[in-house]
2 protein chains.
Amino acid sequence: MIKIAVMGYGVVGSGTVEVFYKNHSNISAKIGDDIDIKYILDLRDFDDSPYKDKFIKDFGLILNDPEISVVAEVIGGLNPAYNFVKSLLEAGKSVVTSNKELVAEKGAELLQIAREKNVNFFFEASVGGGIPIIRPLHHCLSANEIDEIAGILNGTTNFILTKMINDGMEFDDALALAQKLGYAERDPSADVDGHDACRKICILASLSFGKHIYPEKVHTEGITKITLQDVQYCSSFGGAVKLIGWAKKIDDKAAVMVCPAFISNESQLASVNDVFNAILVRGDATGDVVFYGKGAGKLPTASAVVSDIIMAAKMRDNSKSLYWNSSEDEFTVDHSTLYNKFYLRLICKNKEKVLSIAEEMWGKLKILHREGEEDNEAAFITDKINEEKFKEDCRIISGDAEIKGVIRVLDY
Amino acid sequence: MIKIAVMGYGVVGSGTVEVFYKNHSNISAKIGDDIDIKYILDLRDFDDSPYKDKFIKDFGLILNDPEISVVAEVIGGLNPAYNFVKSLLEAGKSVVTSNKELVAEKGAELLQIAREKNVNFFFEASVGGGIPIIRPLHHCLSANEIDEIAGILNGTTNFILTKMINDGMEFDDALALAQKLGYAERDPSADVDGHDACRKICILASLSFGKHIYPEKVHTEGITKITLQDVQYCSSFGGAVKLIGWAKKIDDKAAVMVCPAFISNESQLASVNDVFNAILVRGDATGDVVFYGKGAGKLPTASAVVSDIIMAAKMRDNSKSLYWNSSEDEFTVDHSTLYNKFYLRLICKNKEKVLSIAEEMWGKLKILHREGEEDNEAAFITDKINEEKFKEDCRIISGDAEIKGVIRVLDY
């Protein structure tokens with residue numbers, strides 16, 4: 001009999017308990033041993049719950065119970081999750097988690113402790129909700145060198161952008177609708193500013209490249225500045241604006257960024273709508289492989305937690321486990337050294353002059369048009385250009401034009 | 001040091017050796033032990049190959065060499081692959097294969113021997129080429145009940161249908177182009193008649209439902225009867241014609257079929273073009289998850305074989321392995337008992353009369369139109385109707401009209 005604990009009884013935690021008991025007999029069969037939840041840790045009371053006898057408030061009970069071999073951490077955030085998980089691994093218990101912040105910030109350290117203690121630290125639910133991505137990345141693509149990953153990693157922002165694109169809603173209205181439907185928090189900044197996507201691309205890139213990518217090293221832009229005009233120009237370009245987390249191996253280093261981007265309609269990522277997520281993995285042998293599904297939600301995320309519980313209960317030692325190393329500061333390249341194509345939208349004092357300056361600085365421009373565009377409005381796509389130079393060039397051109405929109409154009 | 005053998009040096013076999021040596025140091029690192037190919041079995045001579053010292057023609061050398069612990073079978077077909085693989089498993093060696101015919105016909109038996117001998121039998125490369133699907137299905141969705149799977153599983157037929165849809169090519173011309181580009185064999189029947197897709201959906205369904213689904217029990221239709229007119233009507237319906245392998249749990253039995261189908265443009269499967277494959281998995285907790293990528297090709301398939309070699313070399317025992325049971329004949333339900341929507345295209349003696357008979361038999365019809373349709377042509381979509389009754393009804397209506405096209409309409 002395997003005894004486990006679930007820490008946190010919020011959305012994901014209660015879903016985990018629900019999925020666990022719904023498929024209980026199958027789960028035991030898959031593990032080849034009986035398994036049960038002994039404790040559920042939460043500071044709140046749940047007197048009406050059918051599991052009320054399992055609730056505890058003292059973490060020490062889990063830590064010091066030798067019967068407990070696997071713990072699911074679904075509290076979220078760094079504090080107290082980090083100290084809890086660290087103590088559990090050090091005490092020789094396997095931990096599975098849905099906590100992307102924890103893995104993105106402390107992954108290398110926790111994986112190292114798990115390896116030393118010969119236990120497992122799994123986090124399938126931390127990226128892509130119910131989409132299996134961590135384990136396929138690790139196992140099935142193990143014969144590939146992974147060169148590049150790009151994903152629509154945040155369902156809230158994808159919902160907002162879809163509403164702007166398909167229904168012509170303004171950003172603020174689309175955000176309000178997302179909040180009304182429960183897709184966005186009252187404080188939506190973690191989503192709309194790109195921090196959630198940043199944590200997820202850090203986890204995927206760390207796993208793919210074998211070294212920890214820290215969120216604070218990753219240039220991150222959100223979608224709050226995207227306007228309907230930008231969305232219209234993107235349509236005329238033959239694409240869709242998406243918030244993309246991407247990572248690319250450049251020699252021995254990693255380029256990682258989160259930014260809104262023009263994505264061609266030819267791309268599998270362009271047709272990913274509403275709260276769906278998709279992750280494109282570019283391997284040297286497989287070519288492009290895409291994983292698609294609901295990136296969030298109670299039951300999808302809970303099912304990923306439960307599948308990790310099953311794996312942790314089956315694989316009692318760490319020998320085949322996920323792993324990446326900690327990394328020095330220089331592993332993530334500064335984004336200012338990168339080259340990208342840019343879309344620009346400008347309100348010009350003198351349009352001809354502005355376009356001539358632009359063409360001189362940025363090579364042959366691809367001019368875009370939209371229905372109802374202003375006389376003094378110019379929109380175009382540049383050649384590939386160094387990010388630092390582009391920033392300086394924008395300063396130059398802003399003497400002759402007001403810059404209303406700047407969005408990268410990515411090839412996925 | 002782990003010693004392995006590769007049986008078969010055709011497209012996938014030579015790709016396997018190439019991917020293996022290209023990523024050799026990484027592969028050893030991932031396994032945590034040095035690994036090398038000791039034998040390559042092929043009846044032909046490869047005197048110019050850099051690996052020429054490894055080539056052998058005698059299977060017995062592999063079977064009787066106690067140093068060999070893992071063997072990759074990439075010969076294809078049932079004979080001699082089946083006897084080879086069976087002997088190897090019985091001799092206590094793990095086997096990985098790309099051979100869909102072998103797994104679809106003999107999977108349950110071989111998995112049973114592998115379990116008895118405590119070795120592994122893996123076949124990631126048998127479905128979806130380089131798309132990781134077998135292992136994600138098994139592991140990551142292990143907390144789900146899988147209710148349904150539907151996939152575009154054959155790249156050749158998807159290429160042909162894409163050319164018909166996007167370029168207005170006739171079936172024969174599109175097939176000739178596929179042959180010219182090397183996507184289709186000179187004898188294309190395994191692809192265009194649906195047998196290849198049938199083997200793949202059998203493997204996916206067996207794994208998902210835990211019991212062997214035999215190809216001969218699966219109603220299988222190919223794409224040879226699809227015309228440009230059908231494709232045009234499908235566009236006007238707002239969808240695309242795709243060859244779909246699908247499997248659905250109905251109570252304790254499985255409904256499995258391969259057939260061309262109208263798929264709504266809303267579906268993630270509709271935008272899967274050219275030689276790409278996509279597999280949609282519907283789980284009770286995750287909802288729809290889609291895996292997308294190149295379903296064939298030397299390097300993608302080889303990389304799946306190599307990732308299985310890595311797993312087999314890491315996991316020396318069978319305790320966490322894939323498995324399904326053999327099944328009695330009645331596990332797969334007869335397709336004549338199923339209910340589906342149908343698209344029909346008819347050349348009528350009297351169109352009004354035919355539509356009135358049709359509506360009487362099949363409920364409210366959704367009438368379709370296309371540019372340049374004949375005066376006496378009728379095309380429509382029926383309600384859900386029993387397959388057996390529909391077949392009889394078609395016999396009735398064929399007194400008043402010539403049936404030119406019949407295609408199911410599926411909801412994925």
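The values are calculated or read from the model by the stated rules, or taken from the named source; none is laboratory data. Owing to the predicted nature of the structure, the values given are computational and were not obtained by experimental measurement. Quick reminder, even Gly has a Cβ in these numbers, built from the backbone with ideal geometry, and neighbours come from all protein chains shown. These area figures cover heavy atoms from the full protein model, side chains too; ligands, DNA and RNA do not enter into them. Shrake-Rupley method; radii C 1.70, N 1.55, O 1.52, S 1.80 Å.
Miscellaneous remarks
- Comparing B:A302, B:A174, B:A312 in a Gaussian network model of chain B, where Cα atoms under 10 Å apart are tied by springs, the biggest mean-square fluctuation is seen for B:A174.
- Modelled label positions at A:E360 and A:N386, each set 7 Å beyond Cα in the direction of Cβ, lie 1.9 nm from each other.
- The simple Förster model, with R0 at 41 Å and r as the Cβ-Cβ distance, assigns A:D48 and A:D317 a FRET efficiency of 0.55.
- Packing around the peptides B:97-109, B:181-193, taken as the average count of other Cβ atoms within 10 Å per residue, puts them in this order, highest first: B:97-109, B:181-193.
- Neighbour-limited loop hits for GluC sites (Glu not before Pro), region A:319-379 (at most 14 other Cβ within 10 Å; DSSP other than H, G, I, E, B): A:E328, A:E371, A:E374
- Under 17 Å from a label point set 7 Å out along the Cα-to-Cβ vector of A:E185, the amide N atoms of region A:73-112 belong to A:74-82, A:98-105.
- For B:K86, the aspartates and glutamates whose Cα falls under 15 Å of its own Cα, not counting residues fewer than eight places away in the same chain, are B:E73, B:E101, B:E105, B:E109, B:E116.
- Lysine-lysine proximity count for region B:212-266, Cα under 16 Å, sequence distance 8 or more or distinct chains: 4
- Counting Cβ atoms of other protein chains within 10 Å of each Cβ in A:287-298 and taking the mean gives 6.
- A 1.4 Å probe over all protein chains sorts A:I396, B:I250 by accessible area into A:I396, B:I250, starting with the largest.
- Listed by chain and number, the aspartates and glutamates whose C-alpha is less than 14 Å from the C-alpha of B:K163, apart from same-chain residues fewer than 8 away, are B:D172, B:D173, B:D230, B:D274.
- Kirkwood estimate for region B:131-199, i.e. one over the average of 1/r between Cα atoms, Å: 13.8 Å
- Computed Rg/Rh of chain B, alpha carbon atoms with Kirkwood Rh: 1.03
- Chain B: angle of helix B:171-180 to the longest principal axis, Cα-based, in degrees nearest 10: 20 degrees
- Shielding by partners - mean other protein chain Cβ count within 10 Å, residues of B:23-33: 2
- Anisotropy class of region A:1-105 from Cα gyration tensor, a/c 1.5 cut: rounded
- Cα principal axis extents for region A:183-324, largest first, Å: 55, 40, 30
- The packing ranking of peptides B:331-343, B:70-82, highest mean first, is B:70-82, B:331-343, where packing means the average number of other beta carbon atoms within 10 angstrom of each residue.
- Packing here is the average count of other Cβ atoms within 10 Å per residue, and on that basis the peptides B:13-21, A:267-275, highest first, run B:13-21, A:267-275.
- Using a Förster distance of 35 Å, the FRET efficiency for B:E402-B:D251 (Cβ separation, nearest 0.05): 0.35
- Volume per residue of the convex hull around the Cα atoms, evaluated for region B:281-342, comes out as 218 Å³.
- Normalised by residue number, the volume inside the convex hull of the Cα atoms of region B:185-261 is 102 Å³ per residue.
- Between region B:108-181 and region B:209-282, the Cα center-to-center distance that results, in Å: 12 Å
- Considering every alpha-carbon pair of region B:224-288, the percent of pairs per 10 Å bin, from zero through the bin containing the longest distance, is 18, 45, 29, 8.
- Size of region B:74-126 as Cα extents on the principal axes (Å, biggest first): 24, 20, 16
- Computed with the Debye formula from one identical point scatterer per Cα of the protein assembly as shown, without solvent, the log10 of I(q)/I(0) at q = 0.05 Å⁻¹ comes to -0.29.
- Nearest 10 degrees, 0 to 90: helix A:100-117 Cα axis against chain A principal axis: 40 degrees
- Taking amide H as placed 1.01 Å from N in the peptide plane, the amide H of A:V333 sits under 5 Å from that of A:A254, A:A255, A:V256, each at least 5 places away or on another chain.
- Chain A - percent relative contact order, Cα under 8 Å, separation 6 or more: 18 percent
- Taken residue by residue and averaged, Cβ atoms of other chains lying within 10 Å of the Cβ of B:266-273 number 3.
- Note that region B:1-155 presents 35 Å² accessible area per residue, ligands and nucleic acids not counted, probe 1.4 Å.
- 0 to 90° range, to nearest 10: angle between helix B:155-167 axis and chain B longest Cα axis: 40 degrees
- Calculated [θ] (222 nm, deg cm²/dmol) that DSSP helices of n ≥ 4 give over the protein assembly as shown, each run adding -39,500 (n - 2.57): -11000 deg cm²/dmol
- Relative to one another, the C-alpha centroids of region A:395-409 and region A:46-94 are positioned 51 Å apart.
- Positive-end residue of B:I56, B:F121, B:S87, charge dipole of region B:32-191 with Cβ unit charges: B:S87
- Distance distribution P(r), region A:30-177, all Cα-Cα pairs, bin width 10 angstrom from 0: 9, 29, 30, 20, 11, 1 percent.
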